[in-house]
Structure formats: C-alpha cells, structure tokens
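Below is one structure, written out as structure tokens; the observations come after it.
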Amino acid sequence: QVHLVESGGGLAQTGESLRLSCTASGSISDIAAMGWYRQAPGKQRELVALITGGDSTNYADTVKGRFTISRGGAKNTVYLQMNSLKPEDTAVYYCNCNRWGAAYWGQGTQVTVSS
C-alpha cells in the first residue's frame with residue numbers, strides 16, 4: 001500500500017502562484033511515476049502533469065509553460081509549481097502514483113483562483 005498526502009492548496013488571485021506538495025509513504029519502492037490530476041465541479045478528472053522514475057515529464061496543454069512538476073531528492077515527494085494561475089485552474093488537485101499496476105490517490109487539495 002502507498003499513502004499519499006497533499007498540501008499547499010488554497011486561494012489565489014489571477015496571475016499569482018501556488019506550490020503543491022505530495023509525499024508518499026508506505027511501500028514506496030518501485031513507484032513508476034507520480035503525477036497530479038485535477039477535477040473541477042461537473043467535470044471529469046484530468047491529468048495535469050506527470051513525472052516518471054527517470055524524471056521525464058508530461059503536461060496537459062492547458063498548463064504547459066505555467067506549471068512545473070518536480071520530485072524531491074528522496075523520490076517520494078512530488079511538487080507542482082503553478083504560476084500565472086487562471087480562474088479555470090480552479091479544481092481539486094489530486095496526487096497520484098502507480099506501483100506494480102496499482103494506482104494510488106491522495107485525498108485532494110482545493111485550489112481556487114479568483115479573477
């Protein structure tokens with residue numbers, strides 16, 4: 001089992017920045033990739049950014065150039081630096097990881113961007 005805990009959400013105004021953190025605990029060896037997803041009210045959960053074990057990254061087109069995903073030195077922490085925030089970035093953000101074919105999710109952290 002892998003336990004994910006997110007932090008860093010909150011309220012921001014358009015153009016401001018927030019940084020999300022997610023720390024994995026438990027059986028963290030062999031985690032293949034970690035990522036961030038988000039779900040806005042009435043919408044499906046969508047991939048925001050992903051980082052592999054080899055530190056390759058992938059971003060949704062809507063956040064490219066504004067968001068940056070990175071991992072901590074111990075590889076069990078993942079960050080999402082969100083710059084130039086827009087109201088459409090408002091959502092609950094979930095940390096995700098995959099280990100041996102199983103997906104694990106954090107509890108989610110709310111990000112609200114006001115105009």
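Pairs under 6 Å by beta carbon, first residue at positive phi in segment 38-56, partner outside any loop (DSSP other than H, G, I, E, B) and open to solvent by less than 40 Å² (accessible area, probe 1.4 Å), six or more apart or different chains? Listed by first residue and then by second, the contacts come to nothing, as the list is empty. Considering segment 46-70, and only residues there that are small (Gly, Ala, Ser) and not in a strand (DSSP E or B), the residue that is nearest to LYS86 (Cα to Cα) turns out to be GLY65.
Among the residues of segment 71-87, write down those that are of a type in the set (S, T, N, Q), in a strand (DSSP E or B) and either in contact with a Gly (Cβ under 8 Å, 6 or more places away or on another chain) or over 24 Å from GLN13 (Cβ atoms) (or both). THR77 - this is the single residue of segment 71-87 that is of a type in the set (S, T, N, Q), in a strand (DSSP E or B) and either in contact with a Gly (Cβ under 8 Å, 6 or more places away or on another chain) or over 24 Å from GLN13 (Cβ atoms) (or both). In summary, MET34 fulfils each of the numbered conditions (1) at pLDDT below 95; (2) more than 10 Å from the chain's Cα centre (by Cα); (3) not basic (Lys, Arg) with the single exception of condition (2). Which residue pairs have Cβ atoms under 7 Å apart, sit 6 or more places apart or on different chains, and have a first residue in segment 88-102 that is in a loop (DSSP other than H, G, I, E, B) and a second that is at pLDDT 95 or above and open to solvent by 40 Å² or more (accessible area, probe 1.4 Å)? Note: pairs meeting the criteria are THR90/THR112. Could you look through segment 75-102, keep only residues that are open to solvent by 50 Å² or more (accessible area, probe 1.4 Å) and among the polar types (S, T, N, Q), and pick out the one that is nearest to GLY26 (Cα to Cα)? The selected residue is ASN98. Please specify each residue of segment 103-115 satisfying the condition of being exposed (fewer than 14 other Cβ atoms within 10 Å of the Cβ) and among the polar types (S, T, N, Q). Of everything in segment 103-115, those that are exposed (fewer than 14 other Cβ atoms within 10 Å of the Cβ) and among the polar types (S, T, N, Q) turn out to be GLN107, GLN110, SER114, SER115.
The values are calculated or read from the model by the stated rules, or taken from the named source; none is laboratory data. No experiment lies behind these values; they were computed from the predicted model shown. Note that we place each Cβ from the backbone using ideal geometry, even for glycine, and neighbour counts take in every protein chain shown. All accessible areas refer to the heavy atoms of the entire protein, side chains included, with ligands and DNA or RNA removed. Shrake-Rupley method; radii C 1.70, N 1.55, O 1.52, S 1.80 Å.
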